Structure formats: structure tokens, C-alpha cells
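Here the structure comes first, spelled out in C-alpha cells, and everything after it is commentary.
Taken together, the values in this text are just the output of simple stated rules run on the coordinates, not laboratory data. Note that the structure is predicted; figures quoted are calculated from it, not measured. Neighbour counts run over all protein chains shown; Cβ positions are idealised from the backbone, glycine included.
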Amino acid sequence: MKTTYLILSIPFLLLSAAGCTSDELQDKPITNEKGEYAINFNGNMDLTLTKATTTEVATGVKATISAYTQSADVTSAQAIVSKGYTVGSTAGTFVGDADFVMYLPKGDYDFYAISCNSTATVPTFTSGVSEVLSNGVDYIYAKPTPATTVPATTNVTLAFQRKAVLIEIKVKGSDTDGLELTEWQSTNPATITPPVTTGCTMALATGIIPPAGSIDTEQSGEVYKAAMTTGEVSGKETTATYTMLPVVASQTLKVKFKVKVKIGGRTAEDKTYTADLTAPNNSDNGNATAFLSGKKYTYNAILKANKITFTGATVADWGTVAGSDPTVTEP
């Protein structure tokens, strides 16, 4: 019996030992020949300010991710590594371009991620400051805090925050005036005066974009310089949106709409409307700012026979929850 017992127990012990070794291998961080650890990144849109859930960064979105030693001054220190990444087939999961994998030795690191929230090329940074930015781009930024300790953490979550401004105008005709909005005109249907981009750069350390100091009021023919994105007319209503850089206080945006309307049931006719958009003065990172970084401004516009009137407007973190009412002027 002793001999039989020993013969049976030896394979049992070997199998148990093999099982433990397999689990340990699965939990062990991946390293290269230098003993450095592979770092993986996943990204989401941080909507905590709007009390909404996070949203994973979409497939195809490009980003530049940089690693610095903890508390390094990014205006003078050299990045340990800075490479391009793209969200692959799984939303929120970044894959290094050209199969790049970031490896780092044991230590504490600050990670910085910049993206245009699209497939567009990410701005370049020199001494911790970006090139001059552009209107029409949904810039997003992430810096995990506190610093990331490797190898305790090798899967890094990037909670991106929006740094541009979204203007949204909801447009419909006036029921009391018997005016029905039917469609946008085919050429330059909605245009806006954009901020002048001179001096509008992003600080890598904070993601702050100083507000533009003026508005470009130049017209191309009879329309303003920047095109807005227009939605389809549905239920006699539509929207026009524009993404732009922050703007200092006291500046006013101008919009121009070219639409087709029916008045009193008559045949549809072309109409052009022009209006001013103002926003409340606020303090954004020490700058007196009218249109703030990371905010969404929603205006409700009513088209009448000869003018636009506004029934209200809201400003909120760029998410789903409305905030306070800004002052809106009528033309």
C-alpha cells in the first residue's frame, strides 16, 4: 500500500506545482531582454464633471503618448519616449504605430497624451509647448495623476478631457410668424467668425490653451470665414455646430445662416440671417475668458421674417448636462 500511495501522489504533486507556475506566468508583467516592463494604454473621455459615465475613445483615433520621469520639467527635460498610437479594433485600446511597444524600467513616471480625437495628425511639441493650434479641431488631453509606478502598474488609463470649445445652435422657424424652415441653402449654409489663432498653443504640463485675443471678422464674399457643420432639417428644425479655440472676454462671435423658408404657407424662398453670439465672462486659469476651454455653448434660435431671436442658451461642460444661462444679444 505504501508503494502504491507514493506512486499516485507524485504525479498529483507535479500537476499541482505545474498549475501554480502557469498562473504565476500569466500574472507576471511582460519584460524585454533588458528587464524593462511593457506599458499598455487605454483611453476614455472623462465626463465626470457632467455626471455622465466615461466613453471609450473611438477606433481609429490617433494620439501621441509621452513618458517622463516623475515631476520632470517638461519645458526642459527630455522625454524618455514619445511615440504615436492609434486606437485599434477594440475601442479605447491604444496600439503603438508600426507595432511599437513602450518598455520602461522600474520607477515612477508621468505620462502625457495628446489627440485631435480623430485620425488627424497630432500637433508637435517643442520644449513642452505645442505648435500653433487650429480652430475646427476637438483637442483632447490626458495626464494620469498621481504618477504611475512601474511595475506595480503597467496598464495605464488615460482619462482624456476636451480642451476646445463647442458652439451648438438649434434653429427652427417661428410658429407665431407662420415661418417654416424647410432646408439649408446649398452654398455656404452656415458660417461663423472664428477666433484668431495667433498665440494659441497648448502647454504639455497642464493641457491649458491660452484664449484667443480677437475674432477674425474677415468675410469671403458675403459669408464669414469659417464653415459650421449643419445637420439635416427634421421636423422643421436643425442644428449648426462649430468647434473652436477658447476666446477672451468682451469678444463676440457672428454667425450667418442661409436657409430656405416658407412664410404663411407660400412657396419656399431664400433667406439670409445674421446674428451675434455672446457668452458670460468667466475666469479660466487666470484668464478672463468668454468662451471657455472644455465647454459646450448651446443656443436656441428662432427664425422670424426679418431677424433671429434667441429664447435661451446654456453653457455646460462638454457633455450632456446643461449649466448656467449666458447672456445672449439679438441682432
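Key figures for this structure:
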read-out	value
Counting DSSP beta bridges with both ends in the range 165-317, the antiparallel % (nearest 5)	85
Label point distance in nm, Thr90-Thr145, each placed 7 Å from Cα along Cα→Cβ	2.9
Förster radius 22 Å - calculated FRET efficiency between Ala120 and Ala205 (Cβ-Cβ, nearest 0.05)	0.45
Under 5 Å, built H, 5+ apart or other chain: amide partners of Met228	Ala190, Thr191, Ile192
Charge sum, other residues only, whose C-beta stays under 12 Å from Ala226's C-beta, Lys/Arg counted +1 and Asp/Glu -1	+1
Packing-based order for 35-41, 244-250, using average beta carbon neighbours within 10 Å, highest first	244-250, 35-41
Antiparallel content of DSSP bridges confined to the range 37-162, in %, to 5	85
Tail weight of P(r) past 20 Å, computed on alpha-carbon pairs of the range 165-317, percent	50
Isotropically averaged projected area of the range 37-162, using the convex hull of Cα atoms (one quarter of hull area), nm²	8.0
Charge context of Phe160, other residues only, Cβ under 14 angstrom, K/R +1, D/E -1	0
Residue order, fewest to most surrounding Cβ atoms within 10 angstrom, among Trp318, Trp184	Trp184, Trp318
Number of Lys pairs (Cα under 20 Å; 8 or more positions apart or on different chains) in the range 41-173	8
Positive-pole candidate from Ala203, Ala227, Val247, dipole of the range 198-276, charges at beta carbon	Ala227
